[in-house]
Every structure is written in C-alpha cells, then in structure tokens.
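Have a look at the structure below before the remarks.
The values are calculated or read from the model by the stated rules, or taken from the named source; none is laboratory data. For clarity, every value in this text was computed on a predicted model and none was experimentally measured. All Cβ positions, even for glycine, are placed from backbone atoms using ideal geometry, and neighbour counts span all protein chains on display.
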Amino acid sequence: MLLTTLVRGSVLSLLLSAVTCLPALADPAPRSINEIVALALKHSAELTALEKDAAARQSMAFQAGTFSNPVLELQGSTGSLTGSPEEHTASIGINQELPLYGKLRLRREAGQLEAEALQRQRDNAARLLRDEIATLALDYSLATKRHDLATDLVKLNRELAVIAEERFKAGDIPELDLNLARVELIRAESRLLEAGREQTPLRLKIASLTGLNESDITLSDPLSAPGASQSTAELVKRALVSRPDLIALSHERDKAETETRLAKAEALPNLTAGLFAQWQRGATEVGGMSSTSSDTQLGLRLSMPIPVFDRNRGGQAAARAHLDAADSRRLALERTISAEVEAAVSRVSASERILTMFEQGILPQLKENLKLTQEAYRIGEVGILSVIDEQKKFFEVNDSYLSAQHSKRVATVKLETAVATELTGGIK
C-alpha cells in the first residue's frame with residue numbers, strides 16, 4: 001500500500017512538472033522582420049495570382065506562334081441525276097496557310113514580352129508588399145518599445161511612491177506629497193495599459209498578412225539600423241536598373257515596338273498552299289457506240305488575297321500610338337523614381353541628424369539629471385515636484401527618441417523600396 005502511494009505521488013509530481021514547463025516550451029521564438037516579410041510574401045494570394053497570370057500569358061505566347069491547322073477538302077460529283085450515270089468525279093486536297101514576313105515569330109515575341117511584363121508586375125507587387133509589412137512590423141516594434149518604456153515609468157513611480165511613504169511616516173513630507181506620488185503611479189499604470197492596447201491591432205494585421213497566430217508574433221530586430229553609404233546619384237542609378245515597375249514598362253515598350261513591326265507585316269497577305277488529287281470518269285458516244293475513260297490528276301494550288309482595300313492602316317496607327325504611349329510612361333516613371341529616391345535619402349539624412357542629437361547630447365544628460373534628482377529627493381534636498389517633473393521629461397524624451405529611431409528605420413525601408421535593392425542588410 002505504501003509503495004502504491006509513493007508511485008502515485010511520483011507520477012503526480014512528474015505530471016505537475018510537465019504542466020509547469022508547458023508555457024515555457026510554448027513560448028514563440030522571436031522572428032526577424034525579414035522572416036516576417038518572407039512569410040507575408042509566401043502567404044500572399046495576390047502574388048500567387050499574378051504568377052499564374054504570367055504563366056498563362058507565356059502559354060498563350062507559345063500558342064500565338066503556332067501554325068494554324070491544315071484544311072482537308074473532299075469533293076465529289078455524279079451525272080446520275082442529269083442522264084449521264086457513267087460520269088463520276090472525286091477529289092481530295094489539303095490546304096495550309098503559310099504566314100509570311102515573320103508574323104508567327106513576331107506574335108510569339110509580343111506574347112513573351114507581355115508575359116515578362118506581367119512577371120515584373122508581380123515583382124513590383126512583392127516590392128510594395130515588402131514595404132507594407134516591414135513598416136507594419138516596425139510600427140509593432142515601436143509599440144513594443146513604448147510598452148517597455150511605460151513599464152519602466154511605472155517602476156520609477158512605484159519606487160517614488162515607496163520613498164514618499166517612508167518619508168511621510170518619518171514626518172519629513174506632508175500628506176500632499178504622498179498623494180502626488182500615488183497619482184503619478186496611477187497615471188503611469190494608465191499609460192502602460194494604453195501602450196498595451198496599441199499593440200493589438202498591429203499584431204492582428206501582421207497575423208492576417210503572414211498566416212501566423214497572433215500569439216506567435218514576437219520580433220527580434222532592434223529599432224536602430226545602419227544607414228546607407230551610397231551617394232544619391234549612385235542610388236538613383238541603381239533604382240533605374242533594378243526597379244521592377246520600370247523593367248515592366250521596358251518590356252511593355254518592347255512589346256509595343258514588336259507589335260508595330262507585326263502591324264506592318266499584317267498589311268501583307270499570307271500565302272495558302274494546297275495539294276490535291278482528282279479522279280474523273282466519263283463516257284463518250286461515237287456513231288452509236290460508247291466508251292468510258294478514267295483520268296487521275298495531281299496538282300498544287302496557291303492562293304493569296306489581293307491587298308486592295310485592307311492594308312491594316314488602322315492597326316499600324318494604333319501600334320505606333322501604343323509605342324509612343326509606352327515611351328511617355330517610361331520617361332514619366334524614371335522621373336518619379338528619381339524623385340522618390342532623392343526624397344527617401346533626404347528623410348534618412350534628417351533622421352540620422354536627429355538621432356545624433358539624442359545620442360550625443362540629450363540622453364546621457366537626461367539620465368544623469370534623473371539620477372541626481374532622485375538622490376536629492378531621497379535625502380530631502382528637493383521637493384517631490386522636481387522628481388515628478390524629471391521623470392516626465394525622462395519618459396517624454398525617451399519616447400521621442402524611440403520615435404526618432406522608428407522614423408530612421410522606416411525611412412531606410414522606404415529608401416530600399418524606392419531603390420528596390422537591399423542596402424543595409426534589411427528589407428529588399
């Protein structure tokens with residue numbers, strides 16, 4: 001009996017230990033922003049649809065360059081209904097249209113260029129999705145840092161309330177000072193709750209874009225990030241080479257040029273060639289006597305429309321207009337890209353200057369001032385309002401510093417999006 005009790009106790013202890021360890025085992029591993037972006041790209045139904053569209057257009061391009069099927073012709077006649085039962089004729093032929101002037105090749109090239117343009121449009125959609133999810137992840141990271149800062153503020157005010165209560169009991173301060181410390185603690189706890197609420201909608205949005213569970217979203221990336229070292233001219237040059245939307249317009253322009261050549265070729269008719277075999281049987285009467293004869297013929301038939309009325313003038317005019325429009329759109333996009341890169345570089349530079357001011361001048365002095373003020377209050381050299389005011393400054397300045405870090409990281413993401421190239425080991 002004693003042995004059974006001991007065994008049961010051991011089993012229960014092991015089960016309790018396992019249950020206690022489950023939350024620790026279930027804690028999600030922090031993910032980098034790059035991992036979050038990769039999951040969003042993989043989970044995107046829009047990108048999958050664009051890939052399917054490009055594949056379908058590639059198949060249609062192959063079909064456009066295929067010869068049309070040959071035409072089989074069968075023909076027969078008899079003289080039975082006209083009083084000549086001995087006369088019969090039968091023929092069989094095959095006709096094949098032969099597109100001239102490279103029409104099939106031009107049609108296939110135009111289709112392939114359109115498929116390439118669709119693929120680059122898919123890449124451009126992925127570029128914009130990277131920007132959206134990276135910015136969203138940085139917003140969530142900022143909300144997390146603000147929650148941590150609010151937690152620190154609660155800790156500072158809790159320590160202040162403890163000191164104020166000790167001094168009040170010792171008769172060093174009036175009850176008003178103790179009440180002020182308690183009010184500041186409640187306000188700090190309220191800020192902490194607000195910071196927690198800011199995280200929820202961002203977490204839900206990330207979960208919907210990546211397919212993750214809301215509880216699995218934990219980021220490992222810091223808000224700080226290195227800056228790009230290339231000059232503005234170099235970045236603009238790289239953007240004009242790597243931007244997928246510009247590459248897509250280039251393919252569309254090449255397609256319009258190919259269609260212009262195709263429209264000129266369509267003004268000239270195609271040749272139709274045919275082979276036929278004909279069998280003929282007839283009867284001949286001479287002086288009351290009749291004789292029958294049979295004949296077999298093999299032949300080649302060639303036919304071609306005469307381009308008198310339709311010389312595809314409308315098609316040629318439309319193709320030239322499409323080519324001019326493609327050139328105009330490409331030129332406009334090149335100007336837009338240059339402006340986007342220059343604006344992004346300017347935002348990154350401004351953010352770096354602001355961060356330098358915080359890190360070199362403001363933050364070190366702020367921490368020292370807070371420490372000195374807290375110690376001075378502890379020994380009774382300053383009043384509680386000085387400590388409260390210094391703690392408010394500490395919270396507000398650190399919150400502004402987090403915003404500056406966030407602004408620089410977002411500006412860097414926008415620059416990488418504008419250039420469509422990874423610059424700092426971040427989002428491509």
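Tabulated data
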{"read-out": "Leu366 being farther than 30 Å from Lys414 by Cα and modelled with pLDDT of 90 or more", "value": "no"}
{"read-out": "Qualifying residue in region 206-221 (condition: farther than 17 Å from Leu160 by Cα, acidic (Asp, Glu), crowded, with 18+ Cβ neighbours inside 10 Å and in the same structural domain as Arg409 (by TED's automatic domain parsing))", "value": "yes"}
{"read-out": "Every residue from region 156-173 that is touching a helix residue (DSSP H, G or I) at 6+ places or on another chain (Cβ under 7 Å) and either within 16 Å of Phe394 (Cβ to Cβ) or outside any loop (DSSP other than H, G, I, E, B) (or both)", "value": "Leu156, Asn157, Arg158, Leu160, Ala161, Ile163, Ala164, Glu165, Phe168"}
{"read-out": "Qualifying positions in region 244-282 - among the β-branched types (Val, Ile, Thr) and out of contact with any strand residue (DSSP E or B) (no Cβ under 7 Å at 6 or more places or on another chain)", "value": "Ile247, Thr258, Thr260"}
{"read-out": "Search result, residues across region 156-195 that are among the acidic types (Asp, Glu) and more than 30 Å from Ser141 (Cβ to Cβ)", "value": "Glu165, Glu166, Asp172, Glu175, Asp177"}
{"read-out": "Sole residue being surrounded by 20 or more Cβ atoms within 10 Å (Cβ to Cβ), modelled with pLDDT under 90 and among the acidic types (Asp, Glu), chosen from Glu175, Glu184", "value": "Glu184"}
{"read-out": "Residue in region 256-274 that is within 30 Å of Gly76 (Cβ to Cβ), surrounded by fewer than 15 Cβ atoms within 10 Å (Cβ to Cβ) and not basic (Lys, Arg) present", "value": "yes"}
{"read-out": "Top-ranked residue in region 28-54 [being in contact (Cβ under 8 Å) with a residue 40 or more places away in the chain and small (Gly, Ala, Ser); ranked as farthest from Leu136 (Cα to Cα)]", "value": "Ala54"}
{"read-out": "When residues of region 237-277 are limited to those that are of a type in the set (A, V, I, L, M) and closer than 30 Å to Ile94 by Cβ, the one farthest from the chain's Cα centre (by Cα)", "value": "Ala277"}
{"read-out": "Selected residue [assigned by TED's automatic domain parsing to the domain that holds Leu385 and crowded, with 16+ Cβ neighbours inside 10 Å] from Ala326, Ala332, Ala339, Ala343", "value": "Ala326"}
{"read-out": "For Ile384: the one exception among (1) surrounded by fewer than 18 Cβ atoms within 10 Å (Cβ to Cβ); (2) in contact (Cβ under 8 Å) with a residue 40 or more places away in the chain", "value": "(1)"}
{"read-out": "Of all residues in region 84-98 being among the polar types (S, T, N, Q) and out of contact with any Phe, Trp or Tyr (no Cβ under 8 Å at 6 or more places or on another chain), the one that is nearest to Ala277 (Cα to Cα)", "value": "Asn95"}
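Quick grid of which residues meet (1) surrounded by 13 or more Cβ atoms within 10 Å (Cβ to Cβ); (2) hydroxyl-bearing (Ser, Thr, Tyr); (3) in contact with a Pro (Cβ under 7 Å, 6 or more places away or on another chain); (4) over 30 Å from Tyr401 (Cα atoms):
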| position | (1), (2), (3), (4) |
| --- | --- |
| Ala54 | yes, no, no, yes |
| Arg57 | yes, no, no, yes |
| Gln63 | no, no, no, yes |
| Ser68 | no, yes, no, yes |
| Ile92 | yes, no, no, yes |
| Tyr101 | yes, yes, no, yes |
| Arg107 | yes, no, no, yes |
| Leu118 | yes, no, no, yes |
| Asp123 | yes, no, yes, yes |
